[in-house]
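Okay, structure first, notes after.
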Amino acid sequence: MKYPNLLSPLDLGFTTIKNRVLMGSMHTGLEEAKNGFEKMAAFYAERAKGGVGLIVTGGFSPNINGWLKPFGGKMTNSREVAKHKIVTRAVHEAEGKICLQLLHAGRYGYHPVCVAPSPIKSPISPFKPWKLSKRGVRRTIGDFVKAAVLAKKANYDGVEIMGSEGYLINQFIVSHTNKRDDEWGGSFENRIRFPIEIVRQTRAAVGNDFIIIYRLSMLDLIQDGSSWEEVEYLAKEIEKAGATIINTGIGWHEARIPTIATMVPRGGFAWVTKRLMGKVSIPLITTNRINMPSVAEKILSDGCADMVSMARPMLADPELVNKAIQGIENEINTCIACNQACLDHIFSNKLASCLVNPRACHETEFKIEPAQTKKKIAVVGAGPAGLACAVTAAERGHEVHLFEKEKEIGGQFNLARKIPGKEEFNETIRYFKTMLEKHHVKIYMEHPVDASFLKSAGFDEIVISTGVAPRKTGIPGEDGPNVITYPEAIIHPERLGEKIVIIGAGGIGFDVADLLVHHGEHTAENVEDFSKAWGVDMALEARGGLIKPHPVMPNRQITMLQRKSSKPGKTLGKTTGWIHRRTLQLAGVKTLSGVNYNEITKEGIWVQMEGEKKLLEADHIIVCAGQFSQNKLFDEIKENGLSGHIIGGALEAGELDAKRAIDQGTRLAISL
């Protein structure tokens, strides 16, 4: 067996999990959606069929004070039990196991009735919480217990009690948020009474044949967080209280250190869980940036954990475990940890999905089925949109011909994967290459086409996905030898001088700056280097795991400019933008807003700022001022009366958006 540890069963005594893969909890928005339970049933059942050992749902509150947002998902009464049975029935029919996560948001609640151990406002939510009274604390414990009992009645195999990520239970544990002077505050022993009582009373209420996972914050990554000694002590007490499994939590949501984004090394926090191995006798789950079977197997074989949590990877590919069993890892659609369609959607109050798999969370409406009429289809352009369309159309049984003028497929992904911290884009290109071959797509590389060729070839449908090209700025002097486009800068950063000015502070500008800061070297490979750069204490001697960061410093002077007076990077991802801004800030990159461009000369660029004209000296000026659609061919085929469709950047340039491109390509292929 290729993955002997990953695919071995885990015996819990009263039940057995068929392998060591946990589909970790993710809030998807289905919890509150219309017909959400039917949609959740399809979503989770597909992952159960895909071979995952145990599933944990998104968080459901034990009472309304614990809502993540108004009218959020909760488990408080028998009417809700009936709805949840729709989910558990579907998962069990697919031969899977599933636990309900019980999550009380505490001061992270996005509503005016949120509560916390102390009335201290969170930096990431607008409402100051109400302080729980002593009676309120006891009532909340009872609500957790009641919710677990209801979960058992709904035929869940267990519950996960959310004690990490800075939610209510975590808020009780640390002095950072618990300023109480009663029996629920003060000393550490008092502060941890809350989680211990929840687990102890839950076990007494549900009996011994029910899984209780406790999500323990092992690394808070905030000031005044738990010390390692406290983490270890709490783990032992949670075991005594009756937990079946302890799951690892890394970082509070307000922590200023990336924990799951793509620049975090694979398995970048497994060393934390390993520190607890052998200190308790119940199984431990490790988590964060475990996206392929080989990564998971190494973590388990190295003795870092008994089980691995793979949450977003199950969005990307519900068949991940089955593909590992079958030895067809090249067919795994790998999570690239971009956050763009999962977390960014949730924090924008949208339904979650996945950039590389737009079907995720849309299984009931987004079905890829055999075509009733087989067609001969041309797809022009092998960027993300064209690849998604070609693969999906061929999977449905169409005869697909893919034309690309460059030497390799991938389009803008070939630039993105060169950015330090975005190496995972290589996996998406690998996946598409594999699927093109599997579904017998006819590929023509270095093969530009025109309308007359497409007309003469007799295609039933023509899809134009020719992407974008860099936009010019119109600044006098931009044709000078010291001005280069962003593709040139990304492909050949070694040719650039010591003083760099970047025109444009959108996503591409930040990517180029990041490339230059890190000298073009990969950053998502070495855990020690990552931890040092961001200030994570791998010795676990500092409270909360925080030490002074030692970021990589550029060997260039970099200045980023934008015309808008708004904060640079405002359009970056909702959950990752702060990481990119922080990276450049730590590296000393200058960012200037409200800049008017006058002229580019051999000395640099003349700009106007606050009414003052000044020269910014530069060896090279990199233009990252947007793109325009390459859609001329689409106009030509329409003039020739051909059946044409246009998708991706060719349809809409804007910010480069692979999420939109892959979604459009997939949806079009389903409709053809």
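Beta bridges per DSSP, both residues in the chain: antiparallel share near 20 percent.
What is the distance in Å between the Cα centres of segment 175-224 and segment 95-172? When both Cα centres are located, 11 Å separates them. The dipole here belongs to segment 155-251: it is taken about the Cα centre, uses +1 on the Cβ of Lys and Arg and -1 on the Cβ of Asp and Glu, and is about 140 debye. Overall shape: oblate for segment 187-326, with the ratio a/c of the largest to smallest alpha carbon gyration tensor axis at 1.5 or above and b/c at least equal to a/b.
Loop-located GluC sites (Glu not before Pro) across segment 39-133 with a Cβ neighbour count of 15 or fewer within 10 Å are 95, with loop assigned by DSSP. Taking a ≥ b ≥ c as the square roots of the eigenvalues of the Cα gyration tensor, segment 431-557 is oblate, since a/c reaches 1.5 or more and a/b is not larger than b/c.
Based on C-alpha pairs under 8 angstrom that are at least 6 apart in sequence, the chain has a relative contact order of 12 percent. Working value for segment 119-253: equivalent-ellipsoid semi-axes of 24, 17, 14 Å, each the square root of 5 times a Cα gyration tensor eigenvalue, largest first.
Of the chymotrypsin sites (Phe, Trp or Tyr not before Pro) found in segment 1-71, those that fall in a DSSP loop while having at most 16 other beta-carbon atoms within 10 Å are 14, 71. Max-minus-min Cα coordinates of segment 249-314 on each principal axis give 32, 25, 17 Å, with the largest extent listed first. The GluC sites (Glu not before Pro) of segment 338-415 meeting both criteria, a DSSP state outside H, G, I, E and B (loop) and at most 11 other C-beta atoms within 10 angstrom of the site's C-beta, are 365. Share of pairwise Cα-Cα distances greater than 31 Å in segment 10-333 is 25 percent (whole percent). Segment 371-404 and segment 560-596 have Cα centres spaced 38 Å apart. Which is the longest stretch in the chain that no exposed loop site breaks, taking sites as trypsin sites (Lys or Arg not before Pro) with a DSSP loop state and at most 11 other Cβ atoms within 10 Å? Looking at the chain, 35-349 is the longest stretch - no exposed trypsin sites (Lys or Arg not before Pro) with at most 11 other Cβ atoms within 10 Å.
Could you point to the residue in 500, 126, 411 farthest towards the positive end of the chain's charge dipole, with +1 and -1 charges on the Cβ of Lys/Arg and Asp/Glu respectively? Working it through, the farthest residue towards the positive pole turns out to be 126. Rounded to the nearest 20, the size of the Cβ-charge dipole of the chain about its Cα centre is 2000 debye, with Lys and Arg at +1 and Asp and Glu at -1.
Along the axis of the charge dipole computed for segment 10-333 (Cβ charges of +1 for Lys and Arg, -1 for Asp and Glu, origin at the Cα centre), the listed residues 320, 301, 112 are led at the positive end by 112. For segment 81-95, backbone phi angles converted through the Karplus equation (6.51, -1.76, 1.60; θ = phi - 60°) give residue-by-residue couplings of 4, 4, 5, 5, 5, 4, 6, 5, 4, 5, 5, 5, 5, 8, 6 Hz, Gly and Pro being listed as x. Listed by chain and number, the lysines whose C-alpha is less than 25 Å from the C-alpha of residue 131, apart from same-chain residues fewer than 8 away, are 69, 74, 121, 146, 179. Once the mean of 1/r is taken over each pair of separate Cα atoms and inverted, the chain shows a Kirkwood hydrodynamic radius of 26.5 Å. Rounded, prolate or oblate: which fits segment 399-446 when a ≥ b ≥ c are the square roots of the eigenvalues of the alpha-carbon gyration tensor, with rounded for a/c under 1.5 and prolate only if a/b beats b/c? It comes out oblate by the Cα gyration axes. Farthest towards the positive end of the charge dipole of segment 10-333, among the residues 221, 249, 188, is the Cα of 188, using unit charges on the Cβ of Lys, Arg, Asp and Glu. Run the Debye formula on the Cα coordinates of segment 522-631, all scatterers equal and no solvent, and tell me log10 I(q)/I(0) at q = 0.11, 0.19, 0.23, 0.24 1/Å. Each listed q maps to, in turn, -0.52, -1.10, -1.33, -1.37.
For segment 10-333, DSSP calls about 5 percent of its internal beta bridges antiparallel. Here segment 349-393 is assigned +1 on the Cβ of each Lys and Arg and -1 on the Cβ of each Asp and Glu. Its dipole about the Cα centre then comes out at about 180 debye.
Every read-out reported here was derived from the displayed coordinates using simple, explicitly stated rules and does not represent laboratory data. These numbers were taken from a predicted model, which means no experiment stands behind them. All Cβ positions, glycine included, derive from the backbone under ideal geometry; neighbour counts span all protein chains shown.
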